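Here the structure is laid out as structure tokens; the discussion comes afterwards.
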Amino acid sequence: MIPQLIVGLGNPEPKYDKTRHNIGFEAVDALARTWQIPWGENRRFQAFLGEGRGANGNKIRLLKPLTYMNRSGQAIRAALDWYKLPPESVLVVYDDMDLPVGRLRLRLSGSAGGHNGMKSTITHLGTQNFPRLRIGIGKSGTDKDSVSHVLGKFSPQETQLMSEVLQLVVDAVELSLKQGVEKAMSLYNSRTVEFSS
């Protein structure tokens with residue numbers, strides 16, 4: 001299972017920059033920087049698209065849907081159809097409140113787990129069988145606060161931690177490209193980035 005299209009989920013518009021919910025965008029931005037892949041707007045997909053070579057030297061495509069989170073699947077489906085890729089070749093990167101800050105979780109398939117971007121993706125792809133990388137953003141105190149938590153920014157301490165997490169994301173994705181998602185799962189699902197004292 002070697003990804004050919006890596007999608008970060010997030011919301012467009014500057015007001016969502018650097019929010020917890022947009023960590024998927026930040027993750028693919030980190031990959032684009034690492035692999036020196038430029039972004040361009042692709043109107044056909046309603047997304048930002050980057051094309052270049054990944055860690056394994058093979059062609060890789062990066063995608064940031066501009067459709068808003070709850071319609072992310074439209075852009076992903078359009079890209080898959082255009083490049084004639086199967087759903088299993090997509091790696092979707094997104095935020096997860098059920099994981100603490102500092103944790104990653106790679107999976108080969110699974111449900112949306114209440115994440116609107118993933119609900120849309122599963123609906124549009126017609127399957128749950130595609131790899132995903134969840135980045136922990138932690139929980140808020142109460143359910144009432146979960147929207148403001150997700151759309152809120154990381155604290156300065158968390159921001160420092162997340163830059164290390166994003167490096168871990170790059171490492172995990174690079175291993176996925178070289179040796180497959182299963183291999184990366186075995187190495188990175190147990191890793192935790194800790195707050196430095």
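Just so you know, all these numbers are worked out from the coordinates, no wet-lab data involved. Note that the coordinates shown come from a computational prediction; the quantities given were computed from them, not determined experimentally. All Cβ positions, even for glycine, are placed from backbone atoms using ideal geometry, and neighbour counts span all protein chains on display.
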**OP:** At 7 Å along the Cα-to-beta-carbon direction for both R33 and R53, put a label point, then send me their distance in nm to one decimal.
**Re:** 2.2
Subject >> Length-normalised contact order of the chain in % [C-alpha pairs under 8 Å, at least 6 apart] >> reply: 27
Original post:
How many nm separate the modelled label positions at E164 and Y83, each set 7 Å beyond the Cα in the direction of the Cβ?
Top reply: 3.2
**OP:** Can you check what the net charge comes to around S111, using other residues whose Cβ is under 14 Å from the Cβ of S111 (Lys, Arg +1; Asp, Glu -1)?
**Re:** +3
Original post:
Computed over the Cα atoms of the chain, what is the ratio Rg over Rh, Rh following Kirkwood?
Top reply: 0.93
Subject >> Gain on full stretching of the segment that runs from Q128 to D17 - 0.36 nm per residue minus C-alpha separation >> reply: 37.2 nm
